[in-house]
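I have placed the structure first, in the form of structure tokens, so that the comments after it can refer back to it.
The values are calculated or read from the model by the stated rules, or taken from the named source; none is laboratory data. Model, not experiment: these values are computed from the prediction. FYI the Cβ positions are ideal-geometry reconstructions off the backbone, even for glycines, and counts take in every protein chain you see. What goes into the accessible areas is simple: the full protein's heavy atoms, side chains included, and nothing from ligands, DNA or RNA. Shrake-Rupley method; radii C 1.70, N 1.55, O 1.52, S 1.80 Å.
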Amino acid sequence: MALAGIDRLRQSALDLEHEYALELDDLAPGLRRSAINLLHYLAVRHHDIRELQGLLVQLGMSSLGRMEAHVMVALNAVAELLCQLLGHPLRDASPPSDVIAFTEGAELLAHHATAILGPGLPERKTRIMVTMPSEAADNPGLIRDMLINGMEIMRINCAHDSSAEWTRMVRHLRRAEKVLGRSCRISFDLAGPKLRTGAMEAGMPVAKWKPIRDLLGRVVAPARVTLVAKETAIGLDPGMIPVRESQLKTVRVGDRIYFNDARSRRRTLVVVAKTEDGCVCEASATAYVVSGTVLSVHRGKRLLVKVTVGELHALPQFIVLKAEDTLLLTLGDEAGRDAMRNDAGEVLTPATVTCSLPEVFQSVRSGERIFFDDGKITGQIE
């Protein structure tokens, strides 16, 4: 059983090497064997080898726990020992010229590290690399202080900022090097493709507010709502409600505003402050307000004015997924939407969302896993 497991790992590693044969041919000769070893390692890591490791430990053999620098040599060595125990020869061994020997791994790692990161200090093996924050573009003192405190590599993440900010960061570093008599390498981390889900269907235009309550349901802090004399919510911050009339100028602190919300619940706003083009109100109850809701402003028992809620922002839609649900990931510009269900809650058509990177659909395979939001949601391609 252990030998069969090793054979599966070896074959998986060789298959992945064969899959990337054309890419390997394009590499610099000095990097080819390291790239092959990386492919072997990635292939092995696609397998759960814990059970195999347990069997190998029982036989007093290597558990393959430290094979990263010489994957195929480690697999071949374990397979050879197993074959000797079983009394038959090793099958289909990889040519020695294509693999990294046990003694070479550490040497190659040190060589490549020096080539990329520069020579390390005698007293330590590590280098100090610092990723630049955006403010480093306009703060030369920050970069100078980093250099004083041992920064050996400035890392610029090209997924953020722009070439203008990167240029200023480099300029600040070069000036600091001259002043301090030190040197520092620069590592540009190039931005990869943006793999994102596409836009969702617009939801219903509605505004919601609710107060903060304690565990007993008592209001700890009322909800704050700002009414603004404007036709539409475009350009307004969340929490600001446009009203179509301009009579808000007559509203004073202490006035009360009564209305029925979208659920026909009677609600009240209390004016607590005036603004240049409206007023700030507080609410002690949750409310849902839609465009066209009529607000009646009262001072004491007297009705001052009625105003109407203007055009509101549409709330963003979302998709609800449960275990074993199906999600269609599609190519194109169609807006994503939640699943459509019948009155019994049964799915008629599954939820769908688009993917921003067309190349995904050219390479994805059935059985592979897919992750959303840094792994918070995991699925399997069917």
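Out of region 125-170, which trypsin sites (Lys or Arg not before Pro) are coil in DSSP terms and have no more than 12 other C-beta atoms within 10 Å?
Values: sites: 125, 127, 144, 155, 168; in loops: 125, 127.
Listed in order of number, the matching sites are 125.
Under 23 Å of direct C-alpha separation, and excluding same-chain neighbours fewer than eight residues apart, residue 376 reaches these lysines: 194, 322. With θ taken as phi - 60° and the Karplus curve 6.51 cos²θ - 1.76 cosθ + 1.60 applied, the whole-hertz 3J(HN,Hα) list for region 5-10 is x, 5, 4, 5, 5, 4 Hz, x standing for glycine and proline. Computed from backbone phi, the HN-Hα couplings of region 334-341 come to 5, 5, x, 7, 6, 5, 9, 10 Hz, rounded to whole numbers (Karplus: 6.51 cos²θ - 1.76 cosθ + 1.60, θ = phi - 60°; Gly and Pro given as x).
How much of the accessible area of region 273-382, in percent, comes from carbon and sulfur atoms when a 1.4 Å probe is used? Walk me through the numbers before you get to the answer.
Working: 3750 of 7310 Å².
Solvent-exposed carbon and sulfur of region 273-382 make up 51 percent of the total.
At a probe radius of 1.4 angstrom, the accessible area of the chain per residue rounds to 63 square angstrom. Each Lys or Arg adds one and each Asp or Glu subtracts one; over the other residues with Cβ under 15 Å from the Cβ of residue 121, this totals +3. Loop-resident GluC sites (Glu not before Pro) (DSSP state other than H, G, I, E or B) in region 263-364 with no more than 10 further Cβ atoms inside 10 Å of their Cβ: 276, 324, 346, 359.
So in the chain, what percent of DSSP beta bridges are antiparallel if you round to the nearest 5? Let's see the in-between values first.
Numbers: 42 of 60 bridges.
Antiparallel bridges: around 70 percent, rounded to the nearest 5.
For region 33-88, the carbon plus sulfur part of the accessible surface works out to 54%, probe radius 1.4 Å. Per-residue Karplus couplings for region 129-142, computed as 6.51 cos²θ - 1.76 cosθ + 1.60 with θ equal to phi - 60°, are listed in order as 10, 10, 7, 6, x, 4, 5, 5, 5, 10, 9, x, x, 5 Hz, Gly and Pro entered as x. Amide H neighbours of residue 336 under 5 Å, counting only residues 5+ apart in sequence or on other chains, H built in-plane at 1.01 Å? Placed amide hydrogens put 199, 200, 201, 354 under 5 Å from residue 336. For a straight C-alpha distance cut-off of 27 angstrom, the lysines reachable from residue 274 (same-chain residues fewer than eight places away being disregarded) are 208, 210, 230, 249, 301, 306.
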